[in-house]
Structures are given as C-alpha cells and as structure tokens.
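Any read-out appearing in this document is the output of simple, stated calculations on the displayed coordinates, not a laboratory observation. Treat the numbers as computed from the prediction; the structure is a model and nothing was measured.
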Amino acid sequence: MTKPQLSLASACLLALTLATAGCGSQSDPTPAAQPSSLYVRMGSKTGIEAIADQMVANVGAETGQANSVMLRSHKPMLDAISSQNGQPATDPTRLQRLRNNVVDQFTDITGGPIKYAGKSMLATHTGMQVTTAEYAAWRTLLDNSLATNKIGTTEKTQFTALIDAMKSDVVNH
Ligand code: HEM
C-alpha cells in the first residue's frame, strides 16, 4: 500500500496555518506575563505584617521620647490599653485591632488577597485634628519601617504614593 504523502506545497501550507493559529491571534489562550502585584513584591503576608508591626513599634517608641509628635494623637489609644490609677485597661485589645486593620489595609491597597473592612480613613481620623507636621512625622516613621524591612526603591515609591493619596482624609479633620 502506498503511504499517504504530503506534497512540499501542502506541508508548507499546513505549517503556515498551524503557526498562524498558534501566535498572535485574538483567541490566543496564553496571557502575556503580568508583573507581580506590589503585595507580592513587598513580601506578601509576612512582608506586609513585618512592615505594619515595625510601624506600630516605631510610633510606640516615638511616643516615649521627649517632645514626641505622635503622643498627642495617640494618647487616647495608649490610655485605653494601659491600666490607670490601679484600674484595668478600658480597651486592652485596641492596639491589636489597630495593628490588624493596618495589615488588612496595606494588604488591600497593594493588591493582596484581603479587603480592608474597617472604618474609612476619614471616619477613623476625624476628631484627631492631625496636622501636616504630624502627618510628615508619621510618614518618616513609615519610611523607617520600609527601610528596616529592606523594601526596594520602586516598591517604596509605589507604596508611599498609595499612602499619600489618603493624606487628605487624614489631615485637618
Ligand atoms: C495616610 C496615612 C494613614 C493611614 C493609611 C492610616 C491608617 C490607619 C488605620 C488603618 C487605622 C486603624 C483603624 C481602626 O482600627 O479602625 C488607623 C488608626 C489610627 N491612626 Fe492612622 N493612618 C494614617 C495616618 C495617621 C496619622 C498621620 C496619625 C497621627 C499622627 C494617625 C493616627 C491614628 C490613630 C491614633 C489611630 C488609632 C485610632 C484608635 O484606635 O483610637 N494616623 N490609622
């Protein structure tokens, strides 16, 4: 029996058809490679948690310094987590809730898998009368946390732009 033979012309046509179907057509099922989310580039869950924890530690340490800038706005929260005059703390888990909300919010804005479900930034900071100088001091403490956690320049620029986009909801309310 004679084996079926592809002529050179039909073989070329078949090759061309396969090549055309396999690349560049609109039905191409292979998506273009996406750059990692900012969340992943900042270290995912452990990275974001480390940044939030360091930020909380930085703010806490600053409130203990002479001429602290953070103390004024954080005093109600610090009082709530401390025993006062022999009385137990009125809200001992408040700092932990704050920390968890910061983790969720940083995760959310960087494209991570958690949606921040806490109060809006305007509602959270209304009544605190945070000044521009206080915001700047807070941002320095955030920059310090990013540096401690060895966040790269590109990621730092992108992350702090997302943070600064919320400044108007935080300052002067
Ligand atoms: C864009 C910048 C800021 C962001 C994204 C931010 C984010 C947050 C988040 C997520 C919370 C937790 C809310 C909750 O637990 O319901 C919080 C609470 C708080 N923030 Fe900010 N914050 C910013 C700037 C500031 C500044 C500049 C200050 C003061 C200098 C400040 C003071 C506080 C205080 C005192 C609380 C605790 C409220 C409480 O538990 O009584 N924040 N912030």
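Worth a mention:
- Base-10 log of normalised Debye intensity for region 41-173 (one unit scatterer per alpha-carbon) at q = 0.14, 0.15, 0.21, 0.22 Å⁻¹: -0.66, -0.76, -1.49, -1.61
- Restraint check, Lys45/Lys75; Lys119/Lys167; Lys75/Lys150; Lys45/Lys119; Lys75/Lys156, Cα-Cα greater than 25 Å: Lys45/Lys75; Lys75/Lys150; Lys75/Lys156
- Relative contact order [Cα under 8 Å, 6+ residues apart], region 26-128, whole percent: 25
- Diffusion coefficient of region 60-100 by Stokes-Einstein, Kirkwood radius over Cα pairs, 25 °C, 0.890 mPa s: 226 µm²/s.
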